[in-house]
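> Below are the structure tokens for one structure; questions will follow.
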Amino acid sequence: MTTASGTTPPGTSSERQAAQWVQRIFTDIAPKYDLINHVLSFNIDRVWRRALRNRLAPVLSRPDAKVLDLCCGTGDVMLDLQTVAAAPVMGADFCHQMLVSAQAKAARAGRRAPLFEADALQLPIASATLDAISISFGFRNLANYTAGLDELHRVLKPGGVLAILEFSHPPGLLMRASYGFYSRVLLPAIGSVLSGSREAYAYLPDSIGKFPGAEQLRGMMEAAGFTATEFQALTGGVAALHLGTKSMPG
């Protein structure tokens with residue numbers, strides 16, 4: 001079981017360096033990010049996003065709900081949530097180029113895109129403001145997981161929902177072996193060719209390998225004050241959808 005406290009990219013020795021490294025890498029791959037994601041996941045990422053959207057549907061259906069898609073990247077999840085949302089879903093990312101891509105994508109779709117640039121560890125949002133937060137395949141890249149959960153807990157209203165969609169560790173021997181070969185050998189090779197960045201797609205499987213397992217992440221969420229925590233294994237445990245609720249006072 002991993003004990004990683006946050007992402008540790010190669011050559012970094014502090015949380016600040018880790019955050020700067022991640023920001024630089026995602027800036028570099030932003031123009032081809034969508035293509036690479038769909039190719040590398042065989043479009044299964046669309047199924048995972050649908051699971052996230054379905055679980056957040058009760059909150060999204062409320063016209064007064066304030067929902068944030070954090071680490072929104074090029075906006076796929078944000079726009080997907082908006083298809084069932086009664087109010088605009090906000091998007092935030094600390095990579096400016098990703099937000100530029102998200103804005104362009106929203107414009108092409110004729111959608112409203114309330115976007116802002118922000119660090120997930122220091123959100124420019126008042127405490128107890130949001131009804132729900134989604135974060136898809138971005139939590140793994142935070143420089144400090146505990147600080148990230150504390151910050152997400154802070155900005156949620158009591159009763160607010162956190163949904164983390166993230167890569168995980170398949171429990172089955174066959175799936176674990178197959179996915180291990182894919183992530184260590186094929187994914188870096190294909191990702192490097194498509195993106196032109198060997199560095200980025202060598203980091204991806206390494207970051208997945210170091211990331212806490214589903215049970216451990218659930219425990220971290222509970223330690224941060226989330227209740228009714230649960231997770232749903234997806235595609236044999238390759239990914240997991242985690243849910244938690246900020247407890248009501250009293």
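> Mean residue ellipticity at 222 nm from the helices of the chain, using -39,500 (n - 2.57) per DSSP H segment of n ≥ 4 over the full residue count, to the nearest 500 deg cm²/dmol? Intermediate values should be presented prior to the final figure.
On the way: 10 runs with 113 residues, N = 250.
So the helix-based figure for the chain works out to -14000 deg cm²/dmol.
> Which one of G148, I135, S207 has its Cα pushed farthest toward the positive end of the charge dipole of the range 131-218, where Lys and Arg give +1 and Asp and Glu give -1 at the Cβ?
S207
> Nearest 5 is fine: what % of DSSP beta bridges in the chain come out antiparallel, could you say?
Numbers: 15 of 32 bridges.
Bridges in the chain that DSSP calls antiparallel: roughly 45 percent.
> Oh, and also: Gap in Å between the Cα centre of the range 1-62 and the Cα centre of the range 205-250?
With the range 205-250 and the range 1-62 each reduced to a Cα centre, they are spaced 15 Å.
> Test of understanding: in a Gaussian network model of the chain with alpha carbons linked when under 10 Å, which of D64, D28, D119 would top the mean-square fluctuation ranking?
Comparing D64, D28, D119 in a Gaussian network model of the chain, the most mobile one is D64.
> Please find the FRET efficiency linking S5 to A104, where r is the Cβ-Cβ separation and R0 is fixed at 51 Å, and quote it to the nearest 0.05. Don't skip to the end; give the middle numbers.
Values: r = 35 Å, r/R0 = 0.69.
Between S5 and A104 the formula returns 0.90.
> Give the average over all directions of the projected area of the C-alpha convex hull of the chain, one decimal, in nm².
On the way: hull surface 50.2 nm².
That works out to 12.6 nm², a quarter of the Cα hull's surface.
> Next question, about the same structure. In terms of Cα to Cα distance under 17 Å, which aspartates and glutamates are near enough to K105, apart from those fewer than 8 places away along the same chain?
In chain and number order, the partners are D34, D69, D76, D80, D93, E117.
> What residue among T229, L115, Q103 has its Cα farthest toward the positive end of the dipole of the chain, where the charges are +1 on Lys, Arg and -1 on Asp, Glu, each on the Cβ?
Farthest towards the positive end: Q103.
> Would you work out the relative contact order for the range 1-93, in percent, from Cα pairs under 8 angstrom that are 6 or more residues apart?
On the way: 80 pairs, mean separation 19.5, N = 93.
Across the range 1-93, relative contact order equals 21 percent.
> Moving on. Among V39, I29, V185, which residue has its Cα positioned farthest towards the positive end of the charge dipole of the chain, with +1 placed on the Cβ of Lys and Arg, -1 on the Cβ of Asp and Glu, and the dipole taken about the Cα centre?
V39
> With springs only between Cα atoms under 10 Å, which of S14, S168, S207 fluctuates most in a Gaussian network model of the chain?
Most flexible of the set in this elastic network: S14.
> Could I ask something else about it? If Rh is defined by the Kirkwood formula over all Cα pairs and Rg also comes from Cα, what ratio Rg/Rh do you get for the range 177-250? Mind dumping the intermediate values first?
Details: Rg = 16.3 Å, Rh = 14.3 Å.
Expressed as Rg/Rh, it is 1.14.
> Roughly how many debye, to the nearest 20, is the charge dipole of the chain about its Cα centre, given +1 on each Lys and Arg Cβ, -1 on each Asp and Glu Cβ, and no other charges?
Dipole magnitude for the chain comes out near 460 debye.
> Evaluate the distance, in nm, between pseudo-label points positioned 7 Å from the Cα of S14 and of L174 along their respective Cα→Cβ axes.
4.9
> Here's another thing I want to ask about it. Can you pull the percent of Cα pairs in the range 154-206 with separation above 13 Å? Before the final figure, lay out each step's value.
Details: 928 of 1378 pairs.
Here the tail beyond 13 Å accounts for 67 percent of pairs.
> Name the residues of the range 212-241 whose amide N is less than 17 Å from a point 7 angstrom out from the Cα of D150 along the C-beta direction?
Only 220-226 fall inside the zone, counting backbone N under 17 Å.
> I'd like the antiparallel share, as a percent to the nearest 5, of DSSP beta bridges with both residues in the range 102-250.
Counting DSSP beta bridges with both partners in the range 102-250, the antiparallel share is about 70 percent.
> Compute the normalised compactness of the range 35-148: alpha-carbon radius of gyration over 2.2 N^0.38 Å, N being the residue count. Can you show the working numbers first?
Details: Rg = 13.6 Å, N = 114, 2.2 N^0.38 = 13.3 Å.
Against the compact-globule rule of thumb, the ratio is 1.02.
The numbers here are math on the coordinates, done by the rules we state, and not lab data. Source: prediction; values computed, not measured. Reconstructed Cβ throughout: ideal geometry from the backbone, glycine too, with neighbour counts over all protein chains shown.
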